[in-house]
Amino acid sequence: MRDRSFDNVVLKNSYYSADIQYSLQMCQWTLKPIGIWPLIYHRVTRREKLISVVLLILGFSLLFFILIPSCRFIFFEGHISTKVRLLGPVGYRMSTTVKYIYLALRGSIFGRCIEHVERDWRTVQDQRHRSIMLECAGLSRKLITMCAAFLYTGGLSHHTVHAFFSKDRRHSNVTIRPLIYPGYDAFFDTQASPTYEIIYCMQLLSSLIVYTIGTATYSLLVIFVMHICGQIQIQMARLENLKNARLENLKNAGLEKGQRNPLSKIVYNHVEILKFSEKVQKALEEICFTAVVECTINMCLLQYYCLKSWKASDTVQIVTYITLLMSFTYNIFVFCYIGEVLTEQCSQIGVASYDIDWYNLPAKNAHDLVLLNIVSQNPPKLLAGRIIELSLNTFTAVVKTSVAYMNLLRTVTD
C-alpha cells in the first residue's frame, strides 16, 4: 500500500524535480531495462506496466535458458574439472535469479523507500542541507558507476576475449566454436549455423541481464544508505547551529505561531531517519545475505581459477579471472563499507548532541537531548539476513573465508 502522507507534503524545495532525478537516475537506468522500475514506482503509466511484464517474462526466460541446460550438464555430464569451472558462473546466475525474483515480489517495500527519499527532497529548506544531500547523492552515483564498470568489464571479457582467445580453445586441430555454458548438445547441434549464433547471442544477452540485475541491487542499497547518511549529516549540522546560537535565542527560537522547538524538531526528524533505516533494512536484508554468500563462493572459485590459469600459463584467462575477482571483491566491499558508514554516521549524533553545551540549557530543552543520546548508543546496522552485520570486519572475514575455501577446493580437486 502506498504511503498517503506523501500526497500532503508541503513543497519547500523549488529544485526538487531535478534533485530527485539526480538522486534516483542511476537506479532508474538499471531497473527499467529489467522491468522492475514500474513495480516499485507508483507514478508510471499503464503502457509502462505492460512493457514491464514483457521485460520480466523475457528476463526470466533468458536466465532459465542458461540455468536449465547448464545445471543438467553439471549434475549428469562432464568431468570434475569442467564442473568446477562451471560452478562459478552458473552459481552466480542462480543467485542473481533469486535476487531478481525478490525484486519483483517485494516491489512495494522498495516503493515506500523511494517515496520517503522523494519526500525528503521536496521538503528540504536550507540550501546548506540541500548541498549535503547532493554531495551524498553524488558519492552514491560514483560508487554505482564503479560497480557497473567492474561487472560489465569482467563479465563481457569472460564471454568474448576469454571464450575465443584462451589456450584451452586452441589446443586441438579440430575447429570448435566455443560456448561459455554447455549442455545444449543434447537438444541441438550447437556447432551448426545458425544454431550456434542464436545460442551465443542469447547467452550474451542473458549475461547482460545478469549484470544489470547485479548493478540494480547495488544501486538500491547505495542510494538508500547514502540518503540516510545525508539526513544524519543534516541533523549534525542543526545541532552545530544550536551550539553556536546564543542561549537566549535558543530558549525562544521556533516558539512563535505554534512552531516546534528546534531541539524537539531534531528529535522528531531523527526518529523519522530511524524509521526509514528500518524500512531499508527490511527491504534489503535478503539481497545482502545473497550477496555475501555469492561473493564468498565466487571469490573462492575465481582464486582457484587464477591458480589453474597461472599453472597453464594462459595469460588471457588470468587477466579475465583477475578482473572478475576484482569485481566481486569491490562489490562485497561496497556492501560492507556502506554498512560501516551507516553505523558510524548514526552513532555520531550522540557525540554532536553532547557538544552543544547541553548543561547550559533549561531542563525542559535539555530533556529533548536524552533520546538522541540513548538511541545513538545502539545505531542502526545493515544486516545480511538478520545474521551477518555488514561492516569492514565482515569484509575481512569474507576475504579470509574465500581463501580458506580455495585451499580446501585445491586440495580436493588435486
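Sorting the segments 89-98, 287-296, 42-51 by their mean number of nearby beta carbons within 10 angstrom, highest to lowest, gives 287-296, 89-98, 42-51. Per residue, the accessible area of the chain comes to 49 Å², computed with a 1.4 Å probe over protein heavy atoms only.
To the nearest 500 deg cm²/dmol, what mean residue ellipticity at 222 nm is calculated for the chain from DSSP H runs of n ≥ 4 alone, each contributing -39,500 (n - 2.57), summed and divided by the residues?
-26500 deg cm²/dmol
Take the solvent-accessible surface of the protein heavy atoms, probe 1.4 Å, and return the percent of it on segment 14-91 that carbon and sulfur atoms account for. Its accessible area is 67 percent carbon and sulfur atoms. Taking 0.36 nm per residue of separation and subtracting the current Cα-Cα distance, fully stretching the chain between Ile387 and Val399 would add 2.5 nm. The convex hull around the C-alpha trace of segment 52-156, projected and averaged over every direction, spans 9.2 square nanometres. Annotation for segment 56-85 versus segment 312-339: alpha-carbon center distance of 22 Å. Only lysine pairs 8 or more places apart or on separate chains count here, and in segment 15-150 those with Cα atoms under 28 Å apart total 6. Using the membrane-span-like helix rule (whole DSSP H runs, Cα extent along the own axis of at least 18 Å, mean Kyte-Doolittle hydropathy at least -1.0), which helices of the chain qualify? The qualifying helices are 16-31, 46-76, 80-105, 107-123, 127-159, 195-244, 262-312, 315-354, 392-413. Each 20 Å bin from zero holds the following percent of Cα-Cα pairs in the chain: 24, 48, 22, 6, 0. May I ask you to compute the full-extension gain from Leu139 to Ala18, defined as 0.36 nm times their residue separation minus their alpha-carbon distance, rounded to one decimal in nm? Length gained between Leu139 and Ala18: 41.9 nm.
The values are calculated or read from the model by the stated rules, or taken from the named source; none is laboratory data. What you see is a predicted model, and the numbers here were worked out from it, not measured in a lab. Virtual Cβ from ideal backbone geometry, glycine too; neighbours counted across all protein chains shown. Ligands, DNA and RNA are excluded from the accessible area calculation, which covers all protein heavy atoms including side chains. Shrake-Rupley method; radii C 1.70, N 1.55, O 1.52, S 1.80 Å.
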